[in-house]
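Chemist: Below: one structure in structure tokens.
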Amino acid sequence: MTKFLYSSRIAPYVFVLPFILSFLIFFAYPVYATIVMSFQEVLPGQTHFIGLANYKDLWNDRFYAALWNSTRYTFWTLVVLIPLPMVLAVFLNGKRMIWSGFFRSALFIPTLTSVVVAGTIFRLVFGQLDQAVMNQFRHLFGFHTINWLAGSTTGMLVLVVLATWRFAGINIVYFLSALQNIPDELYEAAAIDGANAWNKFRRITLPLLKPVSIYVITISIYGGYAMFTESYMLWNGNHSPNDIGLTMVGYLFREGIETNNLGFGSAVGVTLLALTMAVNVVQLKFFGLFKKEE
Amino acid sequence: MPIKRWTPQSLLLLLLFLVLAVLAVFPLYALALASLKPSKELLRMGLNLKWDFEIMSFKNYAFLFSESAKKYLVWYGNSLGITAVYTVLSLLLSSMVGYGIAMYRFPGRNLIFVFVLLVMMVPVEIIMLPLYKQMISLRMIDTFRGVVLPFLVAPLPIFFFRQYAEGLPKDFLDAGRMDGCTEYGIFFRIMVPLMAPAFGAMAILQALGSWNSFVWPLIVLKTGSKLTLPIGLSSLVTPYGNNYDILIAGSVIAIVPILLVFIFFQRYFVSGLTVGGVKG
């Protein structure tokens, strides 16, 4: 037996065994189970199939609110959290940059804070009182005090600002790691050919950042549609006024865990699964991951 | 390394990044300042940036260590324990898997890697409900095992260790075999030390993820004395009023260990990500 396990034909399987087990027990089976449950009414002790009833029940205002909020959030985090960190990383990597290491760390520090802590801070910074920091800031420009978290648009703004604050740093690190793998010779050759800074960025940096950009876009879509805790912290739990902070996962959580309606919650989950998969496939197709590279 | 000169462009860049650095650190500064004020002041005035020495004190921090806030220290201990166990085990297991995929050619290798990518792309929140059911039948609800086990073999570090191991020379494998090392001996004695930077970078990411994780522990843990720090802190926020005194000071102290780990391993972190990271 020992000899068998130690043979070099079996060893690779021993190495990947933890993943195979974990994949089967904690991923493949749950995915299968949630798809099955989405066609069931799950009651304590008894479960029966009800066909598409759960999916029909999805056509309600609350689901639309969740879908709209999650999509809007994902869209805005993509718009802000790809170009901004990319440009900042290019600056940080540039020869003109002074104290690059210090700024890298300073911008990364917000990533270390938990959503719970960050959410608490932002709830206070964007508080509804006159003296709250962001309202004070508005006063500087002659605007009046507002209750940021009471409106759908301003609430979304707070969520996106929070995301930008927390994730710009890690995305900068991702882009930096790719930038540092671009050989200097390329830029030198381009300089000899008379390329200016914009041309170098457009013709060399941007194309070579493509793999890392695809990676960052993929995890951003994942993170955007999976967002829940931020809204949970900003709105004191999973119930915001008029569901302005309700997300897909928040809805899944509310139905599945809070009201113990596992079948319906699963239908929300399967919809979310299909949605993230579809968005990612379109995205990967659009940015050409499936095209043969090199 | 070219000599950096103070040109107008470099000064402008410096200014821009100074502003960004202030914006990045500002919320934490606001938190730290608020932690020194009494809870009542926050409720009445909201978070403001006034330095008011009349009312500022370390009372909130003292309260955290007092008898009435004993649960805070319990949560802290739970989080420390879970994070330590999770980080060590997940690094061990995912480095094995990543290394196995990178170093050996075996039937099924590509399929396994595709599965790793698949797990990476599906938000775990989607399988929370069946996992929750599974935990009930495995009797792991309200246990630390239940928190740690389902996500122990994580796709991101596997992906990362694979990338890193791809860059290691395969000659070591043969050399090790010639010297009579077993396949596992080669991994633990030769390859693990070679992958040290990857371990450094992933240790930070995994510890950070575990220390801050929220949704899953929120579902699994029920008893007050078993909660982790983020869940415990969030339980202090209720629609009926906030325990700001313990919440704010507790939040400040919650950042401390992870900040220390970062400062300590910072250099490792960026270089580790750069060498093995997400390159094309």
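The values are calculated or read from the model by the stated rules, or taken from the named source; none is laboratory data. None of these values were measured; they are calculated from a predicted model. Every residue, glycine as well, gets a Cβ built from its backbone with ideal geometry; the counts of neighbours run over all protein chains shown. The protein model used for the area step is the full one, side chains on, heavy atoms only, and it has no ligands, DNA or RNA in it. Shrake-Rupley method; radii C 1.70, N 1.55, O 1.52, S 1.80 Å.
Chemist: Which pairs, out of A:Lys56/B:Lys133; B:Lys71/B:Lys226; B:Lys70/B:Lys226, put more than 20 Å between their alpha-carbon atoms? Show your work: numbers first, answer last.
Modeler: Working: A:Lys56/B:Lys133 24 Å; B:Lys71/B:Lys226 9 Å; B:Lys70/B:Lys226 13 Å.
Violating the 20 Å Cα-Cα cut-off are A:Lys56/B:Lys133.
Chemist: Can I ask one more? Please build a GNM for chain A, connecting alpha carbons under 10 Å apart, and tell me which residue among A:Tyr73, A:Tyr32, A:Tyr222 fluctuates the most.
Modeler: Judging by the Gaussian network model, the answer is A:Tyr32.
Chemist: Could you calculate the FRET efficiency of A:Phe137 with A:Ile192 from 1/(1 + (r/R0)^6), where r is the beta carbon distance between them and R0 is 56 Å, rounded to 0.05?
Modeler: Working: r = 48 Å, r/R0 = 0.86.
For R0 = 56 Å, the calculated efficiency reads 0.70.
Chemist: A further question on this structure: If you fit an axis through the alpha-carbon atoms of helix B:196-212 and take the longest principal axis of the Cα set of chain B, what angle between them do you get, 0 to 90°, nearest 10?
Modeler: 40 degrees
Chemist: So what is the 222 nm mean residue ellipticity for chain A from helices alone, if each DSSP H run of at least 4 adds -39500 (n - 2.57) and you divide by all residues, rounding to the nearest 500 deg cm²/dmol? Each step should come with its number before you reach the end.
Modeler: On the way: 16 runs with 190 residues, N = 294.
Result for chain A, helices only: -20000 deg cm²/dmol.
Chemist: Chain pair B, A: how much accessible area is buried, both chains summed, with a 1.4 Å probe, in Å² to 100? Could you put the intermediate results ahead of the total?
Modeler: Details: alone 17290 and 18130 Å², together 26640 Å².
So the total buried area for this chain pair works out to about 8800 Å².
Chemist: Right, something else. In nm, to one decimal, how far is the modelled label at B:Lys71 from the one at B:Gln266, with both set 7 Å along Cα→Cβ?
Modeler: Going by the 7 Å Cα→Cβ label model, 3.6 nm.
Chemist: Quick one: angle between helix B:128-137 and the longest Cα principal axis of chain B, in degrees between 0 and 90, rounded to 10, please.
Modeler: Helix B:128-137 and the main axis of chain B meet at about 80 degrees.
Chemist: Counting other Cβ atoms within 10 Å, keep those with at most 15, restrict to DSSP loop, and tell me which trypsin sites (Lys or Arg not before Pro) in region B:12-63 are left. Mind showing how you got there, number by number?
Modeler: Working: sites: B:Lys40, B:Arg44, B:Lys50, B:Lys59; in loops: B:Lys50.
Passing both the DSSP loop test and the Cβ count: B:Lys50.
Chemist: Can you give me the Cα centroid spacing of region A:184-205 and region B:140-175 in angstrom?
Modeler: 39 Å
Chemist: What helices does chain A have that are whole DSSP H segments, at least 27 Å long along their own axis by Cα, and with mean Kyte-Doolittle hydropathy of -1.0 or more? Working shown, then result.
Modeler: Details: long enough: A:61-81 (29 Å, 0.27); A:152-179 (38 Å, 1.54); A:262-286 (35 Å, 1.54).
Sorted by number, the helices that extend far enough and score high enough are A:61-81, A:152-179, A:262-286.
Chemist: Something else now. Looking only at other chains, what is the average number of their beta-carbon atoms within 10 angstrom of each beta-carbon in A:136-147? Don't skip to the answer; put the middle values down first.
Modeler: Values: counts 4, 0, 0, 0, 0, 0, 0, 0, 0, 0, 0, 0.
If you average over the peptide's residues, the count of other-chain Cβ atoms is 0.
Chemist: Label A:Thr145 and B:Phe53 with points 7 Å out from Cα along Cα→Cβ: what is the distance between them in nm?
Modeler: Going by the 7 Å Cα→Cβ label model, 2.9 nm.
Chemist: About its Cα centre, what dipole magnitude does region B:68-275 give when the only charges are +1 on Lys and Arg Cβ and -1 on Asp and Glu Cβ, stated in debye to the nearest 20? Please report the intermediate quantities before stating the final value.
Modeler: Values: 14 positive and 8 negative charges, 78 e Å.
For this selection, approximately 380 debye.
Chemist: Length gain on complete extension for the stretch B:Arg139 to B:Trp6, per 0.36 nm per residue less the alpha carbon to alpha carbon distance?
Modeler: Working: separation 133, 0.36 × 133 = 47.88 nm, distance 6.43 nm.
Extra length available between B:Arg139 and B:Trp6 comes to 41.5 nm.
Chemist: How well do other chains shield peptide B:25-36, expressed as the mean number of their Cβ atoms within 10 Å of each residue Cβ? It would help to have the intermediate numbers written out before the result.
Modeler: Values: counts 4, 5, 14, 7, 1, 5, 7, 0, 0, 4, 0, 0.
Per residue, the number of nearby Cβ atoms from other chains is 4 on average.
Chemist: While we're looking at this one, here's another question. Loop-only check: which chymotrypsin sites (Phe, Trp or Tyr not before Pro) in region A:99-197 are DSSP coil with at most 12 other Cβ within 10 angstrom? Intermediate results must be reported in sequence, preceding the final value.
Modeler: Values: sites: A:Trp99, A:Phe102, A:Phe103, A:Phe108, A:Phe122, A:Phe126, A:Phe137, A:Phe141, A:Phe143, A:Trp148, A:Trp165, A:Phe167, A:Tyr174, A:Phe175, A:Tyr187; in loops: A:Trp99, A:Phe126, A:Phe141, A:Phe143.
Here the chymotrypsin sites (Phe, Trp or Tyr not before Pro) that fit, given the DSSP loop and packing criteria, are A:Phe141, A:Phe143.
Chemist: Give the residue from B:Leu16, B:Ser234, B:Asn60 lying farthest towards the positive end of the charge dipole for chain B; charges sit on Cβ (+1 for Lys and Arg, -1 for Asp and Glu) and the dipole is referred to the Cα centre.
Modeler: Value computed over the given set: B:Ser234.
Chemist: Tilt of helix B:155-166 relative to the longest C-alpha principal axis of chain B, in degrees (0 to 90, nearest 10)?
Modeler: Once rounded, one gets 40 degrees.
Chemist: Mind checking B:80-93 for the average number of partner chain beta-carbons within 10 Å of each residue's beta-carbon?
Modeler: On the way: counts 0, 0, 0, 0, 0, 0, 0, 0, 0, 1, 1, 0, 1, 6.
The per-residue average across the peptide is 1.
Chemist: Here's a follow-up. Along the charge dipole of the protein assembly as shown, which of B:Thr7, A:Thr259, A:Gln131 sits closest to the positive end, that is, farthest toward it, with unit charges on the beta carbon of Lys, Arg, Asp and Glu (+1, +1, -1, -1)?
Modeler: B:Thr7
Chemist: Oh, and also: How many Å³ per residue does the convex hull of the Cα positions in the protein assembly as shown occupy?
Modeler: Dividing the Cα hull volume of the protein assembly as shown by its residue count gives 191 Å³.
Chemist: Let me ask another. Mind checking which of B:Gln134, B:Gln163, B:Gln206 has the largest fluctuation in a GNM of chain B, springs on alpha carbons under 10 Å?
Modeler: Residue with maximal mean-square fluctuation among B:Gln134, B:Gln163, B:Gln206: B:Gln134.
Chemist: For the pair A:Ser8 and A:Arg62, how long in nm is the line joining their label points, each one 7 Å along Cα→Cβ?
Modeler: 6.0 nm
Chemist: About its Cα centre, what dipole magnitude does the protein assembly as shown give when the only charges are +1 on Lys and Arg Cβ and -1 on Asp and Glu Cβ, stated in debye to the nearest 20?
Modeler: Details: 41 positive and 26 negative charges, 117 e Å.
Magnitude of the dipole: close to 560 debye.
Chemist: Be a star and scan region A:101-142 for residues whose amide nitrogen sits under 11 Å from the point 7 Å along the Cα-to-Cβ vector of B:Met45.
Modeler: Residues passing the 11 Å test: A:131-132.
Chemist: Put B:Thr182, A:Thr218 in order of accessible area, largest first, 1.4 Å probe: what do you get? Write out the running numbers ahead of the final one.
Modeler: Details: B:Thr182 55, A:Thr218 20 Å².
Accessible-area ranking of B:Thr182, A:Thr218, largest first: B:Thr182, A:Thr218.
Chemist: First compute the accessible area of the protein assembly as shown with a 1.4 Å probe, then give the percent of it belonging to carbon and sulfur atoms. List each step's numbers first, then the result.
Modeler: Numbers: 18070 of 26640 Å².
The value for the protein assembly as shown is 68 percent carbon and sulfur by accessible area.
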